[in-house]
Amino acid sequence: MATQETPIDNGVNVQALLDARNALTDAPEAAQFTWRANTEWQRGTHSNSTIETFFGLGGEQTHRSSFSYDADHPEVFASEDNGPTPVEFVLVGLGACLTAGIAAVAQNRGIQLNSVKATIEGNMDILGILGGDPDVRNGFNDIKVKYQIDADASPEEIQGLVAQSQKRSAVFDAITNPTNITVEVN
Amino acid sequence: MTGSRRAVRTTTVIVGAGHTGLAVSHFLTQRSIAHVVIERGEVANAWRTQRWDSLRLLTPNWQSRLPGYAYDGDQPDGFMTMPEVIGFIDGYAAAIDAPVLTGTTVTSVRQVDGGYRVETDKGVFEAPTVMLASGAYNRASLPAIATEVPETITNVTPLAYRRPADLPDGAVLVVGASATGIQLADEIHRSGRPVTLAVGEHVRMPRTYRGLDVMWWMDRAGVLDEGLDDIDDLIRGRNIPSPQLVGTPDRSTLDLNALTDAGIELVGRLSALRDGVALFSGSLRNKCELADLKLARLLDRFDEWALSTGIDGDLEPPNRPAPTRVAADPRLKLDLRGGEISTIVWATGFSADYSWLEVPVLDRKGRLKHDGGVVTGAPGLYAIGLNLLRRRKSSFIHGAEDDARDLTDHLAAFVDGVARRDPAAPVT
């Protein structure tokens, strides 16, 4: 009995991405994007941020809907814990970015993913943010990401997916390399 | 007045008398196409003037071959020193009796009616075709942040570097871990200067595998003959850094583990300078893992090829190199103001110098737009010797032959077409 091979489907439109790369290589100005979040203080350490629009492909773009996020600090910091701490949002960004990358790379390499789970841990000495020790940095000392991946592929191929995803990840780059930040007040 | 100078007419002007320009000259001579090879210095100029003392070719002697000419010494597995390379290319120029004008610098190439006008400091040439064989590596590419280095630091490029003794005393930061970076890091470290090596994306390669040179494997397994159709991502392919190889008489492997063993400190890619402090990327572990995985795939390919050709049993067992060791907590910062670091060596790649090319054929990054060496939008203009021009071996000495043959085929057909359209045109 002839068996039909099921096409690989991780839900990623790789062709669209490859077409976009070709188009943007010829029109590099359209590749300039600006990502945007609006944050408003609520009370204490609680803030609310909304994300709705961004700029790219030469014009203003709008998400399908507005997204809203509360951020706060936990009760052990004497806060009300109305949402994750900002540094946890950084971990969310890293995990989401690497995982999206794994799906895209797997699709491009013809690898079917069955499940992808990750635990992302950022280690931090909070004496830095408390100003208690000038030798301690504010940010993470290091970040560890542990993936559990079930895919129709060899362990080496899965390792390759995860490595390639880091190579092409915007958030991995944003965290591992310095970025100039300008903060203005008016 | 340059404009009024009478131009010498020929069919092809070849810019550069390195191995690629000479290989093209060989095929043009075979076809009796009139040409001249213009060389700013002497034959094999870059090999004479832009290489460090200890450098040897990365390819074994048996691989040193040009059309109708090959290494015939008694050490086929050795690696040529620079004087030997110069002798080899000099010998080729004499053997093919190439029409080389040495000591002649091209000052401009531009389009005119019927082809190109090539102005030099010794005279003007006009020809329907021009072959750019001026080299892909005549300029050291430095990142923009190189201009922010404190003034107390000595900056050195691989084109100017000759030997460790020329450097000031003190510690050295080598930026870049391709073939150049690892070789310079190693020899500078051996001179007694502490070395920190900033490692970004790199290509790991053992000198020998299963007892045979990696270039033998690359050659026999068909890797070096892969053409543009075999490579699914040409942007990436043309930007792959040179493999971490060194050519030494003992055929030793110089990889990051060997450098760590020697006492060189590995850090991530140099990503920024802030107030005189170098900041390194936290991506070192990922870059090393990517290189290890890529190497494993290459060695898998070698093993599969050995099995398929039936030689597997005759070879040493497939012993794989140990994974690259990365410190638990690689350094992220290095203060360049403290006086500890005296020198930065920028082994950050090279680019071609087209400052004299007044034909609009460069892309926004200053690279030549071409299809396999046929320059885009400039009929009759060709290029050779660029990385992955037509094949993986395009940037190797022995890669010149197939590329030169293909491009002279194209060039000859173009010249025939010009002659048919204008029978009076003086194309020989």
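The values are calculated or read from the model by the stated rules, or taken from the named source; none is laboratory data. Predicted, not measured: the structure shown is a model, and the values here were computed from it. Virtual Cβ from ideal backbone geometry, glycine too; neighbours counted across all protein chains shown.
Structure notes:
- Residue within the range B:286-303 that is away from every other protein chain (no Cβ under 14 Å) and not small (Gly, Ala, Ser) present: yes
- Any hit, the range B:103-111, residues being of a type outside the set (Lys, Arg), farther than 27 Å from residue B:34 by Cα and touching a residue at least 60 places away in the same chain (Cβ under 8 Å): no
- Restricting B:399, B:377, B:385 to residues that are in a loop (DSSP other than H, G, I, E, B) and crowded, with 22+ Cβ neighbours inside 10 Å narrows the list to B:385.
- Filter result for the condition that a residue is among the aliphatic types (A, V, I, L, M), under 30 Å from residue B:139 (Cα atoms) and either out of contact with any helix residue (DSSP H, G or I) (no Cβ under 6 Å at 6 or more places or on another chain) or within 14 Å of another protein chain (Cβ to nearest Cβ) (or both), over B:322, B:352: B:352
- Test result for residue B:224, within 16 Å of residue B:178 (Cβ to Cβ) and either hydrophobic (A, V, I, L, M, F, W, C) or not assigned by TED's automatic domain parsing to the domain that holds residue B:387 (or both): no
- Number of the condition not met by residue B:351 [criteria: (1) in contact (Cβ under 8 Å) with a residue 24 or more places away in the chain; (2) surrounded by fewer than 19 Cβ atoms within 10 Å (Cβ to Cβ); (3) of a type outside the set (Lys, Arg); (4) farther than 30 Å from residue B:175 by Cα]: (4)
- Of the criteria (1) within 12 Å of chain A (Cβ to nearest Cβ); (2) more than 23 Å from residue A:169 (Cβ to Cβ); (3) not charged (D, E, K, R), which one residue B:283 fails: (2)
- Conditions (1) within 13 Å of another protein chain (Cβ to nearest Cβ); (2) in contact with a Lys or Arg (Cβ under 6 Å, 6 or more places away or on another chain); (3) under 27 Å from residue B:148 (Cβ atoms); number of the one not met by residue B:276: (1)
- For residue B:21, the stated conditions hold: it is in a helix (DSSP H, G or I) and either at pLDDT below 95 or in contact with a strand residue (DSSP E or B) (Cβ under 9 Å, 6 or more places away or on another chain) (or both).
Yes/no matrix, rows are residues, columns are (1) outside the structural domain of residue B:246 (by TED's automatic domain parsing); (2) within 27 Å of residue B:283 (Cβ to Cβ); (3) crowded, with 19+ Cβ neighbours inside 10 Å; (4) in contact (Cβ under 8 Å) with a residue 40 or more places away in the chain:
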residue	(1), (2), (3), (4)
B:150	no, yes, no, yes
B:155	no, yes, no, yes
B:175	no, yes, yes, yes
B:179	no, yes, yes, yes
B:192	no, no, no, no
B:195	no, yes, yes, yes
B:199	no, yes, yes, yes
B:203	no, yes, no, yes
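- Any chance residue A:177 is within 12 Å of another protein chain (Cβ to nearest Cβ), surrounded by 12 or more Cβ atoms within 10 Å (Cβ to Cβ), in contact with an Asp or Glu (Cβ under 7 Å, 6 or more places away or on another chain) and under 22 Å from residue B:284 (Cβ atoms): no
- Residues (out of contact with any Phe, Trp or Tyr (no Cβ under 9 Å at 6 or more places or on another chain) and either outside the structural domain of residue B:356 (by TED's automatic domain parsing) or assigned to a loop (DSSP other than H, G, I, E, B) (or both)) located in the range B:28-50: B:31, B:32, B:34, B:39, B:40, B:41, B:42
- Complete set of residues in the range B:248-273 that are more than 14 Å from chain A (Cβ to nearest Cβ) and closer than 16 Å to residue B:203 by Cα: B:253, B:254, B:255, B:256, B:257, B:258, B:259, B:266
- Residue A:105 vs. criteria within 14 Å of chain B (Cβ to nearest Cβ) and under 14 Å from the mean Cα position of the chain (by Cα): no
- Condition check for residue A:157: among the acidic types (Asp, Glu) and outside the structural domain of residue A:120 (by TED's automatic domain parsing): no
- Taken as a whole, the condition of being within 14 Å of another protein chain (Cβ to nearest Cβ), out of contact with any Pro (no Cβ under 7 Å at 6 or more places or on another chain) and not in a loop (DSSP other than H, G, I, E, B) does not apply to residue B:197.
- Test: residue B:207 is surrounded by fewer than 24 Cβ atoms within 10 Å (Cβ to Cβ), away from chain A (no Cβ under 14 Å) and without any contact (Cβ under 8 Å) to a residue 60 or more places away in the chain: yes
- Counted residues, the range A:125-172 - those being of a type in the set (Val, Ile, Thr), more than 9 Å from chain B (Cβ to nearest Cβ) and outside any loop (DSSP other than H, G, I, E, B): 4
- In the set B:36, B:24, only one residue is touching a residue at least 40 places away in the same chain (Cβ under 8 Å), touching a helix residue (DSSP H, G or I) at 6+ places or on another chain (Cβ under 8 Å), buried (at least 19 other Cβ atoms within 10 Å of the Cβ) and over 30 Å from residue B:205 (Cα atoms); that residue is B:24.
- Residues satisfying the stated conditions in the range A:10-51, i.e. more than 14 Å from chain B (Cβ to nearest Cβ) and touching a Lys or Arg at 6+ places or on another chain (Cβ under 8 Å): A:51
- If the condition is being of a type in the set (A, V, I, L, M), part of a helix (DSSP H, G or I) and within 19 Å of residue A:7 (Cβ to Cβ), then the range A:93-119 contributes A:102, A:103, A:104, A:105, A:106.
- Filtered residues of the range B:70-97 (kept if buried (at least 20 other Cβ atoms within 10 Å of the Cβ) and not in a loop (DSSP other than H, G, I, E, B)): B:85, B:88, B:89, B:92, B:93
- Residue within the range A:133-148 that is of a type in the set (Ser, Thr, Tyr) and over 16 Å from the mean Cα position of the chain (by Cα) present: no
- Matching strands (runs of 3 or more DSSP E) fully within the range A:33-92 where at least 3 residues are hydroxyl-bearing (Ser, Thr, Tyr) and in contact (Cβ under 8 Å) with a residue 24 or more places away in the chain: none
- Flag if residue B:306 is farther than 30 Å from residue B:114 by Cα, more than 27 Å from the chain's Cα centre (by Cα), small (Gly, Ala, Ser) and assigned by TED's automatic domain parsing to the domain that holds residue B:265: yes
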